[in-house]
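The values are calculated or read from the model by the stated rules, or taken from the named source; none is laboratory data. Because the structure is predicted, anything quoted here is derived from the model rather than measured. Glycine gets a Cβ as well: all are built from the backbone with ideal geometry, and neighbour counts include every protein chain shown. The area values use the complete protein model at the heavy-atom level, side chains included, leaving out ligands, DNA and RNA. Shrake-Rupley method; radii C 1.70, N 1.55, O 1.52, S 1.80 Å.
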Amino acid sequence: MTLGIWIAFLIISTCSSVPLQPIRKCDADCDYNITQLIQSKGYPCEEHKVLTKDGYILGVFRIPHGRNSSSIGRPVLLQHGLLDSATTWVMNFPEQSLGYILADAGYDVWLGNMRGNYYSRAHVKYNPDHDEEFWDFSWDDMARDDLPSMIYYILNATKHTQIAYVGHSQGTLIAFAEFGRLNNIVQNNVSFWAALAPVAQLGHIKSPIKYLSPTPIVDDIARLWYLLFGRNEFLPSSSMIHWFAKHACTEAIIDREVCENIIFILCGPETNNMNSTRVPVYTAHEPDGTSVKNMIHFAQGVQSNLFQAYDYGSPEKNQLHYNQSTPPEYSVRPMKIPTAVFWSGEDWLADPVDVSYLFDNIQNLVYEKYIPDYNHLDFVWAITAYKVMYPDLINQMQKYHPSN
């Protein structure tokens, strides 16, 4: 059953048992795109297009300075997680969202978007609505092409030689993969990076996504996912999801708890760290899509508990792609960048057992903070993050990458 059909079924079945209520006006932030969202809070915003080596056109957004200054500081790139977009860094109010906080701290803030999400559905050759080839990617490609392309674009635009980097979830996964690559040179252009809800090994996740990697045969995982979801886009931003967010999540049809369950069923148990009145805004902008192949790659990691490239399902196919019969494994140990890690005990996607693999392999860990009650999304959406996490992050960043 596809996501759209499932949501439609949920709405219809719920409406049959819950009396209709008058439509309540949704927050205006539900309808804003990221540029409007940022500008509505009094910040400047620029949109940039970054071209990857393999032809993807990435939408990258820039907050060059804070509300009370026109001075442009040193650049920092914020990179979102799985099924997310750059909007995640600016969806709360200015005093709560890391994108705004860093801009007000004097940084030149760049907000990246990975190939295939709402702001990066473009290619020089392929049409995402018609061409299956557009969706033939996983986080391998994001690490190898998207991340370096954005970093070099920012350096060229700002004339700086180094950036700071903050990743959440998949944003940490691609950084560990690319920064730890042997003889990698892009890490020379990163003076500091912070990993929020860090992901590399996935064998101990508690998220229900683990139930979609149930067999010992990797090729069967791919067949299962392709059978369930097709070969193109997974969980795109859609008009149905936007309608669901605006009306259902404002309690016009169903209780807000249903929406919260949809969000947290993949990412972890509900906590008291979220502003419940912002749920319609979160669900209006999330999920923002990726490829089914990318989800298969995550499922393979859950099954194998290996930090490795995409498995094409047979020794012969892997030989064609990698010149070896098994997918190559990534290593974190060669990474030299000063690294700060922020992690939790209630994170269903970055389980403490899996995070321990990173602590065993990061050679230049300069700071780590454990936040016991955070779930996977709290690192970017919690209304307490500006007190319990972001000051520590900025203090560390200032040591290795001062704002000016």
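Rolling a 1.4 Å probe over the protein heavy atoms gives region 23-400 an accessible area of 38 Å² per residue. For the pair region 121-198 / region 297-347, the C-alpha centres are spaced 16 Å from each other. Protection proxy ranking of 159-167, 373-381, 140-148, 180-188, by the mean of other Cβ atoms within 10 Å over each peptide's residues and highest first, is 373-381, 140-148, 159-167, 180-188.
If one computes P(r) from the Cα atoms of region 23-400, what percent of pairs lie at distances over 27 Å? Cα-Cα pairs of region 23-400 separated by over 27 Å account for 45 percent. Surface composition of region 315-404: carbon and sulfur make up 52 percent of the accessible area, probe 1.4 Å. Remark: region 23-400 carries a charge dipole of roughly 880 debye about the Cα centre, counting +1 on each Lys and Arg Cβ and -1 on each Asp and Glu Cβ. Computed on region 61-213, the Cα convex hull volume stands at 144 Å³ per residue. Exceeding 21 Å between C-alpha atoms, which entries from my cross-link table qualify? They are Lys49/Lys125; Lys53/Lys125; Lys125/Lys293; Lys293/Lys317; Lys53/Lys317. Result: Lys53/Lys317 exceed 21 Å.
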